[in-house]
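Just below is one structure, and these are the notes that go with it.
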Amino acid sequence: MFTVAIFLVVSSGLLHAVWNLFAKQSLNKVVFLWSIQWAAVFLYLPWALTAVWNHNIPFRGCLFLVVTAALHGFYVILLSKTYSAGDLSQVYPLMRGVSPLLVPILGVSVLGEKLSALGWLGVACVVVGIWILGDWRFGRGARQTQMSARGTWLALAVGLSITAYTTFDKITLHYFPAVTLNDASNLGNLIVLSWLAIRSGAIKAEWRANWRTILLGGIISPGGYLLFLLALHMAPVAQMAPMREIGTVFGTILGVVVLREAQGTRRIAAAGLITSGVILLGTFG
C-alpha cells in the first residue's frame, strides 16, 4: 500500500509540473489559466456536487470556502505574471520550495517548536537552492537582470500565496469533501481571472493555438491534486507532502529540456537541493 502511495504522490508532482509547462508555453498566460479553469470546473462539477449533496455544511464552512477560493484566485493571478517574467526552470522550484520552508521556520520562531539537526540541514538546502535559482550576486554593483529579479520576487510571492491557501484548504476540508473544495477553488480562479481574460481580447487566439493543452490541463491540474489526496488516505501526510516536491525537479527538467532554457545544470542542481531540503524537513524536521 505504501508503494502505491509513493507512486500516486510522485505522479501528482509530475502532473503539476506538466500543466505548469503548458502554462509557460501558452501565448497569453492569463487567458490560458482562465481557460483551464473552465475545463476543470465543468469536468469535475458532477463529481463535486454528488460528493457534497449529503453533507450538512454550516455557515462557517461556507465562509472558509469563500476565503480559500479567493486565495486560490490571488495565487493564479500571481502565477500568470510569474510565467511572463521568468523561466520555468527558475521560477517553478522557487514557488514550490518557499511554502514548505516557511511552515517550519514559523513554527520555530512563533510557536516555540524545535527542529532537529537534519531539519536545519533541510532549511539550509532550501535556502541555498533558492539563492542559486534567484541568481543573486555578492559585491558592489552585483545585481540580477531586471527579468531575473522580477521573476524571482514574483515566484517568492506565489510561494507565500501557496502557504496561505494551503492553510485555509486544510481548515476547509473539515467541512467539505476534497473534490468539492477543489472544484470551488477552480471556480474562484475562474471568477478572479474573468475580467483580465476578457479584457485581453486574446481568448480566440489562445484557444485556436492551444485548445488541446487547455483541455488536457483542465483534467490534470485538479486531477494531480486529487491523486495527492488519495495518497494521503494510504500513508501519513508527514511522509507524502515532502515527496510531492519532487515536482520541482520535474518542472526544472521540463524547462531545460523542452523549453531549452539557460543555466540547465545550475538550475537542476538547485532544484535537487530544494527537493532534498523539503524531504529532510518533512521526514526528520
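Is it fair to say Val18 is surrounded by fewer than 23 Cβ atoms within 10 Å (Cβ to Cβ), farther than 13 Å from Leu181 by Cα and at pLDDT below 90? Considered against the rule, which asks whether it is surrounded by fewer than 23 Cβ atoms within 10 Å (Cβ to Cβ), farther than 13 Å from Leu181 by Cα and at pLDDT below 90, Val18 comes out as no.
Within the range 59-68, restricting attention to residues that are touching a Phe, Trp or Tyr at 6+ places or on another chain (Cβ under 7 Å) and not aromatic (Phe, Trp, Tyr), the residue that is surrounded by the most Cβ atoms within 10 Å (Cβ to Cβ) is Thr68. Please go through the range 1-24 and pick out each residue that is touching a residue at least 40 places away in the same chain (Cβ under 8 Å), out of contact with any Asp or Glu (no Cβ under 9 Å at 6 or more places or on another chain) and of a type outside the set (A, V, I, L, M). Across the range 1-24, the qualifying residues are Phe2, Ser11, Ser12, His16, Trp19, Asn20, Phe22. For the range 228-251, taking the residues that are more than 20 Å from Leu79 (Cβ to Cβ) and touching a Leu at 6+ places or on another chain (Cβ under 6 Å), the one that is modelled with the highest pLDDT is identified as Ala231. Remark: Leu111 matches the filter, which requires a residue to be surrounded by fewer than 24 Cβ atoms within 10 Å (Cβ to Cβ), farther than 25 Å from Tyr175 by Cα and at pLDDT below 80.
Applying the condition of being part of a loop (DSSP other than H, G, I, E, B) and buried (at least 17 other Cβ atoms within 10 Å of the Cβ) to the range 114-158 and asking which residue is modelled with the lowest pLDDT yields Asp135.
The values are calculated or read from the model by the stated rules, or taken from the named source; none is laboratory data. This one's a predicted model, so the numbers in the text were calculated from it and none came from an experiment. Cβ: placed from backbone, ideal geometry, glycine included. Neighbour counts: every protein chain shown.
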